[in-house]
Structures are given as C-alpha cells and as structure tokens.
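The values are calculated or read from the model by the stated rules, or taken from the named source; none is laboratory data. Not measured: the values here are computed from a predicted model. Don't worry about glycine lacking a Cβ; one is built from the backbone with ideal geometry, like all the others, and counts go over all protein chains shown. Quick note on the areas: whole protein, heavy atoms, side chains included, nothing else; ligands and nucleic acids left out. Shrake-Rupley method; radii C 1.70, N 1.55, O 1.52, S 1.80 Å.
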Amino acid sequence: MPEVRNWQLGRTMAYPYPEHHPDWQFAFVFNINRCIACQTCSLACKSTWTFSKGQEAMWWNNVETKPYGGYPASWDVRLLALLDEAHQAAGIEAAWTSDTTDREAPYGTFEGLTIFEAAARGQPQQQQALGYLPADEEWRAPNIFEDVTPEGRPAKDSLGLQAEGATLPEHVAWFFYLQRLCNHCTYPGCLAACPRKAIYKRPEDGVVLIDQARCRGYRKCVEACPYKKSMYRPTTRVSEKCVACYPRLEGADPASDGVPMETRCMAACPGRIRLQGLVPIGPDGSWADDPQNPVTFLVRHEQVALPLYPQFGTEPNGFYIPPRWAPRPYLRQMFGPGVDRAIERYRAPSRELLAVLQLFRASQRVIFRFEIEEGPRVFETEIDGKPWTMYDDTVIGFDKMGREVVRLSVEEPIHQRPAPHPNSI
Ligand code: SF4
Ligand code: SF4
Ligand code: SF4
C-alpha cells in the first residue's frame, strides 16, 4: 500500500491510493460550547437534499448528545471496540507521543493503528478499512438518548461511566452536543473501500462525492466510513452522502453573487456555532501558511479546534472547539491529545482569537480572509490565576473577491429605541 502523509497523526500512514491533493479544501470549525441542539442545521439539510422517498432515515447532518447518543446508534463505540481488538491482536498500544510543539505535527505522533492499517493486518485481508455495516434499526433514531447524562442512565453502563444519579451538594452531570456531517476527509475511508471507484474527491475544493451512475450499492462505503456518513438508499439501490451543498460552494446559488457561499446547514445555525471555510492546500498536501484565513487560524495557529477521532486516520476536515465541562479523558479519546491546550486557549482567549470567534455564522459568504482593527480596553479580570484583558476590537471578513462582507466588534453595540416606541419592533 502507498504511504501518505497525515499531519493529524504526525506521520505517514498506509492508504490504498497515492497522495493527490486538491487546490482548496472544504473545511469547517464547530464550537461545541455554543450549540443548543435546536436541530435547525439537520432540518436545513433534510429539507434541501433528503426529503424524498427512500431517504426517510437519512440525516446527512445530525446533532447527537454525547456520550450516549449516536446516529447510527453507537457508531463510535463500535468502531473503537473493533480498533481495540485489532490493537490487542497486534500487541500494539494506541498511544500518542506527547511532543506537541511541532506545528506540522501539532498533536504529536499517533503510534497506534489507523482503520487502514488495522484492516491490512486483519485475517483474511478483505477490507480496505476496518469498519462494520450498521443494522437497519440502528439508523432509526437521529438522536436517541437526547439530553441524557451519564448520571441519568441505569447502573452498569457499558462505558463504565458513573452510573448513579447526581446528588447535591456535588453536581457532576454532563453531556454535550456533537454536530456531525461528512468530514470530506483527505484520505476518505469511503473512497478507499469502493470497488467500483465511484467515489471521488474534487480537485477544486476537496469535496467527496459519490457518482450515482457508477455506484452499484455494494455499501462498502457505508461499512468503511468511520463516521458512518455514507448512507444507502433502498429505493434507488445506491449510496448517498453529504454533497457539501456544492452549488453554493461554486457560487452558483442566485443569492451567492458568484462567490462561494456557506452550505445550508452552516448558514441556518441560530447558535452561531459554525464557521465554514475553504483552506488553501499546498501540492504536498500541507495547509498553506495563511494565518488570515479564519479556519487556518483557528486550527493551525491557535490550535483551538480539533479533528474528530484523528486516530481513525482519514484526516477529517471538520474541527471542533471541545466543550469545557466534559471529562478530559473522554474528550482526549474523541479529539486527541490537543484537548487540554485547546480548552485552555478557549477559556482565556488571545486578543486575536476573541475577535475571530465573532466571525462564526456572521455572513452567508465564505470568509477567505480577516483583518482586525484594534479598539479600546474594556474589561480586566483573572482567569486561572492569570490576568486577562478584553479589548473591543473590530474584525472584518472578506469574501473570495476580497470584498468586505462582515464587520463586527467584540462588544455588541447597544441600540436604544426611541422613547415613544419602547416596545415596538
Ligand atoms: S443549528 Fe447550530 S445550534 Fe442548532 S443544533 Fe445545529 S449546530 Fe447546534
Ligand atoms: S466522513 Fe466518511 S463519507 Fe465523508 S469523506 Fe470521510 S470517509 Fe467518506
Ligand atoms: S453541507 Fe449541505 S449536504 Fe452537507 S450536511 Fe450540510 S446541508 Fe447537508
């Protein structure tokens, strides 16, 4: 198998195809701390792309409550268990080295097996990627166990988390919402596994698509996608997945004014947790050093947003600012060893980070570049025993053509209604 470079693992890894990279990569950052689980994103996608016969149980975008929620049910726990078995059989520990200062290997080096490497060691070697095919009933509920905390579940839960009810004076209940769609991976498991070569990654934006005419519905992609974001449609007998709303990315939507526009699920988010972007990619697959691109800034420079299960090895292009309140071991398993640094930086954001955080969901146009105009100091406090200062800076976002599309200050301006109409809208 060819060796490809995976920056999230800090090393090369085996993958069925040689490296070939797009000019730009569709990517997004979700701030889990802000999500209210309103499911507007899920419905925005469903009402656009999956409202037809045969797509009833198909949610390209879903929001699930962790630790127990999952769509399909227990998708991550099941794959983690399979990987655990593979590591035990190989006598390898799925560990990370702790060196996290190298910008090209920001989470250290993963020394365990990816889904591709685990499959290559399996006997017989039938799979391109370690995976499983969920049963029909596992797709039925998009968010079962909604708002259920580990403490709210009956005793003897399979994850070994605290199973007794929360009691005062200590309240240790926790859960969080995980927003999910196809990660348009750099090394997609779905693409690797397709025997028809019906799945491809677009050179212009890295979007991963299934050619509906080539697909024969073997469901190898459903089995191999570690995030379970390729789905089978029984009425057409072919598989379907998120298309990254590519007409909007191409600027073909009438409202887009000819420039890349946010996808439906991103543009609909009232919690303002989503920031979608296109990041420039170098010929060797590395992210171009473009700190004024908001996604590059958050992921590579501030390192406050992390990939979902980077150890799977597909180099996903969706990134998450982890929740501050969930247990760290659980978060490290889900987002890798960068969790502590990311939460520390989010809790006491730098001046620049605080300004960029205002850009989430601020414009329907994809923001390619930002600038910050410095404003006055407005607040001082202490966070984690260190002094912290807030400035009322202004952040300006520009579209692909370099046109200003948004201008926001850190402090929200106060608008006073005229006295005769204090309650009018
Ligand atoms: S629309 Fe936004 S706030 Fe609502 S569930 Fe989706 S990601 Fe969360
Ligand atoms: S998330 Fe799954 S469906 Fe999407 S590109 Fe990655 S492997 Fe393929
Ligand atoms: S990007 Fe478009 S197709 Fe993909 S989940 Fe969001 S709304 Fe659906």
Tell me the per residue accessible area of the range 254-309 using a 1.4 Å probe; a whole number in Å² is fine. 28
Counting each DSSP H run of 4 or more residues in the chain as -39500 (n - 2.57), what helix-only mean residue ellipticity at 222 nm follows after dividing by all residues, to the nearest 500 deg cm²/dmol? -4500 deg cm²/dmol
Percent relative contact order for the chain, counting Cα pairs under 8 Å at least six residues apart, stands at 19
If a/c stays under 1.5 just call it rounded; otherwise compare a/b with b/c (prolate if a/b is bigger, oblate if not). Do that for the range 11-110, with a ≥ b ≥ c from the square roots of the Cα gyration tensor eigenvalues. prolate
Do any GluC sites (Glu not before Pro) in the range 87-149 lie in a loop, going by DSSP, with at most 11 other beta-carbon atoms within 10 Å of their beta carbon, and if so which? E93, E104
Just how large is the dipole of the range 1-122 about the Cα centre, in debye to the nearest 20, putting +1 at every Lys and Arg Cβ and -1 at every Asp and Glu Cβ? 560
Send over a whole-number figure in Å² for the accessible area per residue of the range 1-128, probe 1.4 Å. 44
Whole-Å distance linking the alpha carbon centroid of the range 286-322 with that of the range 337-392 is 16
At 1.4 Å probe radius, can you tell me the per residue accessible area of the range 385-425 in Å²? 76
Distance between Cα centroids, the range 41-56 to the range 111-142: provide it in whole Å. 27
Any idea what angle helix 75-90 forms with the longest principal axis of the chain, computed on alpha-carbon atoms, 0 to 90 degrees, nearest 10? 50
Using the Cα atoms as the points, what is the convex hull volume per residue of the range 266-425 in Å³? 166
Under a point-charge model restricted to the Cβ atoms of Lys and Arg (+1) and Asp and Glu (-1), what is the dipole moment magnitude of the range 179-219 relative to its Cα centre, in debye to the nearest 20? 240
Relative contact order (percent) for the range 332-405, with alpha-carbon contacts under 8 angstrom and 6 or more residues of separation? 30
Magnitude of the Cβ-charge dipole of the chain, K/R +1 and D/E -1, about the Cα centre, nearest 20 debye? 1400
Assuming a viscosity of 0.890 mPa s and a temperature of 25 °C, what translational diffusion coefficient in µm² per second does Stokes-Einstein assign to the chain, Rh being the Kirkwood radius over Cα pairs? 109
What shape does the range 322-410 take by its C-alpha gyration tensor, where a ≥ b ≥ c are the square roots of the eigenvalues and a/c under 1.5 counts as rounded, a/b above b/c as prolate, and the rest as oblate? oblate
Nonlocal Lys pairs with alpha-carbon distance under 12 Å, the chain (8 or more apart, or different chains): 5
How compact and how long is the range 62-139, expressed as Rg and Dmax of its alpha-carbon atoms in Å? 15.2, 44
Looking at the range 226-266, which trypsin sites (Lys or Arg not before Pro) are DSSP coil and have at most 13 other C-beta atoms within 10 Å of their C-beta? R237
Filtering GluC sites (Glu not before Pro) in the range 46-91 by DSSP loop and by at most 15 other Cβ atoms within 10 Å leaves E56
Pull out the extension gain between E93 and R407, defined as 0.36 nm times the separation in residues minus the alpha carbon to alpha carbon distance; nm, one decimal. 108.2 nm
What's the extension gain from A14 to S350 if we count 0.36 nm per residue and subtract their Cα-Cα distance? 117.2 nm
Rounded to the nearest 5, what % of the DSSP beta bridges within the chain are antiparallel ones? 90
Counting only protein heavy atoms and a 1.4 Å probe, tell me what percentage of the chain's accessible area is made up of carbon and sulfur. 51
Relative to the first principal axis of the alpha-carbon coordinates of the chain, what is the inclination of helix 40-49, with its axis defined by its Cα atoms, in degrees from 0 to 90 and to the nearest 10? 60
